[in-house]
1. Would you be able to tell me the number of residues in region A:283-304 that are touching a helix residue (DSSP H, G or I) at 6+ places or on another chain (Cβ under 7 Å) and not hydrophobic (A, V, I, L, M, F, W, C)?
2. Starting from residues that are within 13 Å of chain B (Cβ to nearest Cβ) and among the hydrophobic types (A, V, I, L, M, F, W, C), keep the ones in region A:118-158 and report whichever is farthest from A:Arg183 (Cα to Cα).
3. Mind listing whichever residues of region A:225-262 are surrounded by fewer than 17 Cβ atoms within 10 Å (Cβ to Cβ) and either closer than 25 Å to B:Gly223 by Cβ or modelled with pLDDT of 95 or more (or both)?
4. Among the numbered conditions (1) outside any helix (DSSP H, G or I); (2) assigned by TED's automatic domain parsing to the domain that holds B:Phe271; (3) in contact (Cβ under 8 Å) with a residue 24 or more places away in the chain, tell me where B:Ile210 comes up short.
5. Out of region B:78-101, which residues are among the acidic types (Asp, Glu), over 18 Å from B:Ala40 (Cβ atoms) and touching a residue at least 40 places away in the same chain (Cβ under 8 Å)?
6. Considering only residues of region B:297-316 that are more than 7 Å from every other protein chain (Cβ to nearest Cβ) and either part of a loop (DSSP other than H, G, I, E, B) or loosely packed, with under 13 Cβ neighbours inside 10 Å (or both), which is modelled with the highest pLDDT?
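The values are calculated or read from the model by the stated rules, or taken from the named source; none is laboratory data. Fair warning: this is a prediction, and the values are worked out from it, not measured in the lab. Because the Cβ atoms are built from the backbone with ideal geometry, glycine has one as well, and the counts that use them run over all protein chains shown.
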Number of protein chains: 2
Amino acid sequence: MPEDIKTVAVIGCGVIGASWACLFLSRGLNVIIFDPAEGAQDAFNKYLQGTWTALKSCNPDQEDAWAQNYMFVNNLESTLGEVDFVQENGPERPEFKQRLMEELDRYTRPSVVISSSSSGLPASGFIKLCGKAPSRILVGHPFNPPHLVPLVEVVPHPGTGTSTIDTAMDFYKSLGKNPILLRREVPGFVANRLQAAINSEAYSLVSRGIVSAEDLDTAVTSGPGLRWALTGPFVTNSLGGGGGPNGFAQRTERLGPAIRGWEEDMLEHRFDWSEERLSVLNKEASKWLGSVDWGRVTAQRDQMLLQLLEVKSQDASVYGRQSL
Amino acid sequence: MPEDIKTVAVIGCGVIGASWACLFLSRGLNVIIFDPAEGAQDAFNKYLQGTWTALKSCNPDQEDAWAQNYMFVNNLESTLGEVDFVQENGPERPEFKQRLMEELDRYTRPSVVISSSSSGLPASGFIKLCGKAPSRILVGHPFNPPHLVPLVEVVPHPGTGTSTIDTAMDFYKSLGKNPILLRREVPGFVANRLQAAINSEAYSLVSRGIVSAEDLDTAVTSGPGLRWALTGPFVTNSLGGGGGPNGFAQRTERLGPAIRGWEEDMLEHRFDWSEERLSVLNKEASKWLGSVDWGRVTAQRDQMLLQLLEVKSQDASVYGRQSL
């Protein structure tokens, strides 16, 4: 933990904000929460109770008393002067975020890092009204739920200072996260673009009637998805090319022509979001999704995720940076 | 196990063929192996010793004596008459496969299913010389290594009979696999197209200098990759839209405009396989892949995969069809 970060402001306490707040509390930080929605505090209390045990299994040092170290506030001006880091989780609307950022910038000390959970909108799009110190603003995009999934995408805007980037990266690492750094802003950042890529081809195949939505999901969870939890595209491709540092280039050379052929076919049949294909897609999706036991999936997926992270943590040195 | 399948021919005993043969043996089948490469039998013996224990952990009924039930042959004509199922794993060259398939078709009984491990070439491309019974030929594309990864893509050609499809699906299920059925042939089938989609965007982002190859891999293994081992694109997207059968359409409607914007940007900056970008890509990849401990990754990834499958098998009813 960077020593000078003791109090964090969580702005907006929906699903993402609440999860961040629980994580901060579990690491012994004081948390100031701002959310004007009615019932926000009750909803947060309930969420905190539901996550505290899972968080403890990730962090044996967690003390039960820390769960009390939060305070809901309804006035930003009078409280933001105390905070050492801001995690903003407001609605993903540029105008809204612009006005919110202007306030956060105005009421915090100029050296305090302001990180936005924006899921695809780069900071350049919402710092226009910040007149005080926009160089301490960046995006720190988590993956849902932030208290469990290790990834945080740190995305500076062109004017973000290097010390801001370092502080944000160090802070997220100190929380057990695996932050990655984007060198330039792109819409959708990295993980959502990768997800969009696979989703687009999935929608194409299912709306064309090549495969059922259920079989499409099985193709991922019983095939490449099992690898992606352990090795990313570069290591996976290198292993596919015989392994080692040269495996990647060998695979690209050997399979490149075949892959380019597949890519051309994929481009030709690209999912185009037309009303017609969207209608077929939703119909095919509902055949599968109507048969899923959602109560159990929702109740158990975080538990499965914890077990998976536990398996991975048994050899963190092989599979790269791990959070648990 | 379909009762009439007792002896399986494995044609080509490289990495994929050897893995199939081990799986067949572990389920009590007799295996006839054909591979003209020098040293193929010694290599297989070694591979079998290395995988037998892992296979036993997946299948408590496995008997040690079954490891002996294989025979290498060097003449197809005199032995193929005895086999009840053929798994072909020859080189991925259309002309080669055409000639090989002609022989397999000629020497087997006409009711025997001939399944090709072809990784992207549809059967239509290699059954042209089969004059006897091409309707019992299809693709059964496994994921490496077949003895561990549950996915098998069953891809009939337009003339494949429904009884052939049923036999192949039942046979693979009886081995503990999760076969999916493609309704029409497409190049690359399903899983390799989905992989190509994510790889293409990964290559684009890294060759553009947006993110390092290491951070790209971390984005997957610490983020969406953790989900894809458990829930496929459709269930994942539905959960992202609030869960339940309507979550999918809700997410598509709510996030569609943003996603279309990302897709347009991805298309504009698509990885084009030019010499220049390929060179940058390989250079960036080697910075990361040169620092990976390959000995340990190779030694331990199958172990990790087994643990992951074990975690998933604890609640197979939630996460769909599971192999273990």
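1. Filtering region A:283-304 for residues touching a helix residue (DSSP H, G or I) at 6+ places or on another chain (Cβ under 7 Å) gives A:284-285, A:287-289, A:292-293, A:296-297, A:300, A:302, A:304.
Checking the rest, the ones that are also not hydrophobic (A, V, I, L, M, F, W, C) come to A:284, A:287, A:293, A:296, A:300, A:302.
The qualifying residues number 6.
2. Residues of region A:118-158 within 13 Å of chain B (Cβ to nearest Cβ): A:118-122, A:125, A:141-146, A:148-156.
Subsequent filtering for residues that are among the hydrophobic types (A, V, I, L, M, F, W, C) retains A:121, A:143, A:148-149, A:151-152, A:154-155.
Working: A:Leu121: 15, A:Phe143: 19, A:Leu148: 25, A:Val149: 22, A:Leu151: 16, A:Val152: 14, A:Val154: 9, A:Val155: 7 Å.
Checking each candidate, the answer is A:Leu148.
3. If the condition is that a residue be surrounded by fewer than 17 Cβ atoms within 10 Å (Cβ to Cβ) and either closer than 25 Å to B:Gly223 by Cβ or modelled with pLDDT of 95 or more (or both), then A:Pro245, A:Arg260, A:Gly261 are the ones that fit.
4. Failing condition for B:Ile210: (3).
5. B:Glu82, B:Asp84
6. If we take residues in region B:297-316 being more than 7 Å from every other protein chain (Cβ to nearest Cβ) and either part of a loop (DSSP other than H, G, I, E, B) or loosely packed, with under 13 Cβ neighbours inside 10 Å (or both), then B:Ala299 is modelled with the highest pLDDT.
Residue by residue, here is whether (1) outside the structural domain of B:Leu281 (by TED's automatic domain parsing); (2) more than 28 Å from B:Ser118 (Cβ to Cβ); (3) in a loop (DSSP other than H, G, I, E, B) holds:
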{"site": "B:Met169", "(1), (2), (3)": "yes, no, no"}
{"site": "B:Tyr172", "(1), (2), (3)": "yes, no, no"}
{"site": "B:Ala197", "(1), (2), (3)": "no, no, no"}
{"site": "B:Glu201", "(1), (2), (3)": "no, no, no"}
{"site": "B:Leu205", "(1), (2), (3)": "no, yes, no"}
{"site": "B:Thr218", "(1), (2), (3)": "no, yes, no"}
{"site": "B:Arg227", "(1), (2), (3)": "no, yes, no"}
{"site": "B:Leu230", "(1), (2), (3)": "no, yes, yes"}
{"site": "B:Gly242", "(1), (2), (3)": "no, yes, yes"}
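The rows are residues; the columns are (1) surrounded by 14 or more Cβ atoms within 10 Å (Cβ to Cβ); (2) more than 7 Å from chain B (Cβ to nearest Cβ); (3) touching a residue at least 12 places away in the same chain (Cβ under 8 Å).
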| site | (1), (2), (3) |
| --- | --- |
| A:Glu264 | no, yes, no |
| A:Ser274 | no, yes, no |
| A:Asn282 | yes, no, no |
| A:Ala285 | yes, no, yes |
| A:Val292 | yes, no, no |
| A:Gly295 | no, yes, no |
